[in-house]
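Peer 1: Would you mind keeping the following structure in view while I ask a few things?
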Amino acid sequence: VIVTVQDVYKRGINMETNRALFSWSKNQLEYPEKTMEFLEKGKVTTIFQHITQQDSASSLRSFIAVAEEAEKQVYFLMGDPTWTFELDPLLQMIQIAETHQPQGIVIDVEPYLLDEFQTNPQEVMDAFVTNMKKAYQATELEVILCVPYFYDLMGFSKELEQLIAEAADAVAVMNYYR
């Protein structure tokens, strides 16, 4: 998935368009040179690369090094719906990211996929907001939090405002229909 990200500079109205790629494929980690060639051909400046605890430290180091040489920004993409209620696995992933110093992290938890969301969405959202605030406070890395387009439509405007203001440096609004 390639997305366009608008950077608006505080001084004046100068805007620069960056292209970013969400990648959930392990191939990118295994073949970083080919990945950077692909990004260059597509004029992509940033990759949001999914990582897991099973990824080797050497592959993460190599990926970051090759990306830096190619002048590409790397954000480690991570997420699991269970992190809505379980903070420790997310904190462990943040520690892995901090070890390798990417540009930042992208957290994509998707709490609405939990069965509990169907029966008690408010409890799920409360837990999600609480854990995302704690995760944000636990790192110096830039944090981009993925949120679906429909939280405010479901009556979660207050929670959405808290996520934007207190749990992330930026949000990526996921809308698969546009």
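The values are calculated or read from the model by the stated rules, or taken from the named source; none is laboratory data. Predicted model only: the values in this text are computed from it and were never measured. Cβ sites come from the backbone with ideal geometry, for glycine too, and all protein chains shown count toward neighbours. These accessible areas exclude ligands, DNA and RNA; they are computed on the full protein's heavy atoms, side chains included. Shrake-Rupley method; radii C 1.70, N 1.55, O 1.52, S 1.80 Å.
Peer 1: Across region 131-150, which residue is nearest to Asn120 (Cα to Cα) among those that are over 12 Å from the mean Cα position of the chain (by Cα) and assigned to a loop (DSSP other than H, G, I, E, B)?
Peer 2: Restricting to residues being over 12 Å from the mean Cα position of the chain (by Cα) and assigned to a loop (DSSP other than H, G, I, E, B), the top hit is Phe150.
Peer 1: Going by the structure shown, is Asn131 open to solvent by 20 Å² or more (accessible area, probe 1.4 Å) and either within 20 Å of Ala165 (Cα to Cα) or modelled with pLDDT under 95 (or both)?
Peer 2: no
Peer 1: Among the residues of region 42-53, are any free of Cβ contacts under 8 Å to residues at least 60 places away in the same chain, part of a helix (DSSP H, G or I) and open to solvent by less than 30 Å² (accessible area, probe 1.4 Å)?
Peer 2: No, region 42-53 contains no residue that is free of Cβ contacts under 8 Å to residues at least 60 places away in the same chain, part of a helix (DSSP H, G or I) and open to solvent by less than 30 Å² (accessible area, probe 1.4 Å).
Peer 1: Pairs needed: first member in region 87-99, closer than 15 Å to Val74 by Cα; second member anywhere, surrounded by fewer than 20 Cβ atoms within 10 Å (Cβ to Cβ) and at pLDDT 95 or above; C-beta distance under 7 Å; at least 6 residues apart or different chains.
Peer 2: Qualifying pairs under 7 Å: Ile94/Ala138; Ile94/Thr139; Ala97/Leu141; Glu98/Thr139; Glu98/Leu141.
Peer 1: Next question. Just to check your reading of the model, which residue among Asp115, Asp169 is in contact with a strand residue (DSSP E or B) (Cβ under 7 Å, 6 or more places away or on another chain), over 14 Å from Leu91 (Cα atoms) and among the acidic types (Asp, Glu)?
Peer 2: Going through Asp115, Asp169 in turn, just one is in contact with a strand residue (DSSP E or B) (Cβ under 7 Å, 6 or more places away or on another chain), over 14 Å from Leu91 (Cα atoms) and among the acidic types (Asp, Glu): Asp169.
Peer 1: Taking region 164-177 on its own, how many of its residues are surrounded by 15 or more Cβ atoms within 10 Å (Cβ to Cβ) and among the small types (Gly, Ala, Ser)?
Peer 2: Final tally of qualifying residues: 3.
Peer 1: Only residues that are assigned to a helix (DSSP H, G or I), open to solvent by less than 90 Å² (accessible area, probe 1.4 Å) and without any contact (Cβ under 8 Å) to a residue 12 or more places away in the chain: list them for region 151-163, please.
Peer 2: Those that are assigned to a helix (DSSP H, G or I), open to solvent by less than 90 Å² (accessible area, probe 1.4 Å) and without any contact (Cβ under 8 Å) to a residue 12 or more places away in the chain: Asp152, Ser157.
Peer 1: Looking at (1) touching a Cys at 6+ places or on another chain (Cβ under 9 Å); (2) of a type in the set (Asp, Glu); (3) open to solvent by 60 Å² or more (accessible area, probe 1.4 Å), can you tell me which one Glu140 breaks?
Peer 2: (1)
Peer 1: Okay, next question. Cβ-Cβ under 6 Å, sequence separation 6+ or interchain: first residue in region 75-86 and under 15 Å from Tyr136 (Cα atoms) and open to solvent by 20 Å² or more (accessible area, probe 1.4 Å), partner of a type in the set (A, V, I, L, M) and in a strand (DSSP E or B). Which pairs?
Peer 2: Matching pairs, first to second residue: Gly79/Ile107.
Peer 1: So, Leu90, is that one crowded, with 16+ Cβ neighbours inside 10 Å and in a helix (DSSP H, G or I) or not?
Peer 2: Judged against the criteria, Leu90 is a match.
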